[in-house]
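K.L.:
Here it is: the structure, laid out below.
Every number here is computed from the coordinates shown, using simple stated rules; none is lab data. Nothing here was measured: the structure is a model prediction, and the numbers come from that model. Positions of Cβ are generated from backbone atoms using ideal geometry, with glycine treated the same way; all protein chains shown enter the neighbour counts.
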Amino acid sequence: MTDPVKTAQDDLAFMRNLVDQGGRAGTTGGSLFLAGGLLYGLQCLFHWAQFRELIDPPGVVNLIGALGPTVVFVALLIVVVARDAKSTATGGASRALQAMFAGIGLANLAMVLVFGVNAATHPGFPVWLFYPPVIFALQGAAWFVVWRLRKRAWLGAVAIGWFVAAVALGLSVDMLERYILIAAASLLLLMAIPGAVMMRLAAKEA
């Protein structure tokens with residue numbers, strides 16, 4: 001019979017090695033974080049400018065502002081995943097990364113379905129406004145795990161930042177302007193900047 005304590009220790013050691021690898025994983029994750037933070041952070045600022053009536057773009061620009069960031073990010077994600085699939089060995093670390101991203105994707109899909117159904121059945125209630133705080137809290141949990149494994153102060157600061165942003169966003173659903181600004185600041189400060197840091201550290205370790 002397998003010793004559960006020994007198994008847990010082996011799993012923890014494997015995850016620590018995975019996190020400590022840096023290199024391509026840091027470059028890939030960092031580039032996606034940087035792109036996502038910039039795209040969606042700027043999208044929030046675009047909507048804030050609309051809310052404040054600082055800009056009045058035509059319909060086609062509104063459509064680009066609403067869908068453009070997601071289209072660009074998904075395209076980038078496909079390119080990056082396809083590139084890494086060709087250049088990365090199919091070892092345990094690779095399988096773990098694939099499983100992690102697949103799990104995150106499934107969790108997001110489940111929440112989209114939950115919030116989508118409730119938004120459709122409760123049209124008078126801003127259900128969708130509670131979706132980003134949940135995502136922010138999950139981001140905080142992910143960064144907290146990485147901080148526990150690597151013991152780097154800046155990782156812990158990012159984790160705390162996501163948790164604070166999740167609470168602040170959840171308490172601002174009735175104040176749309178504040179809500180948008182919190183989302184924009186969080187994406188730029190807690191996603192784009194850490195992504196750039198990850199890429200820089202990965203370049204040093206390469």
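K.L.:
Counting other beta carbons within 10 Å of each Cβ, put Met199, Met191, Met111, Met175 in order, fewest first.
P.N.:
Final ranking by Cβ density, sparse to dense: Met175, Met111, Met199, Met191.
K.L.:
Collect residues whose amide H, placed 1.01 Å from N in the peptide plane, falls under 5 Å from the amide H of Val173; neighbours closer than 5 in sequence don't count.
P.N.:
none
K.L.:
Can you compute 3J(HN,Hα) from phi for each residue in region 151-165, using the Karplus curve 6.51 cos²θ - 1.76 cosθ + 1.60 with θ = phi - 60°, rounded to whole Hz and x for Gly and Pro?
P.N.:
6, 9, 4, 5, 5, x, 5, 5, 4, 4, x, 5, 5, 5, 5
K.L.:
Here is a further query. Within region 149-206, list the trypsin sites (Lys or Arg not before Pro) lying in a DSSP loop whose Cβ has at most 11 other Cβ atoms in a 10 Å radius.
P.N.:
In loop regions of region 149-206 (DSSP not H, G, I, E or B), the sparsely surrounded trypsin sites (Lys or Arg not before Pro) are Lys151.
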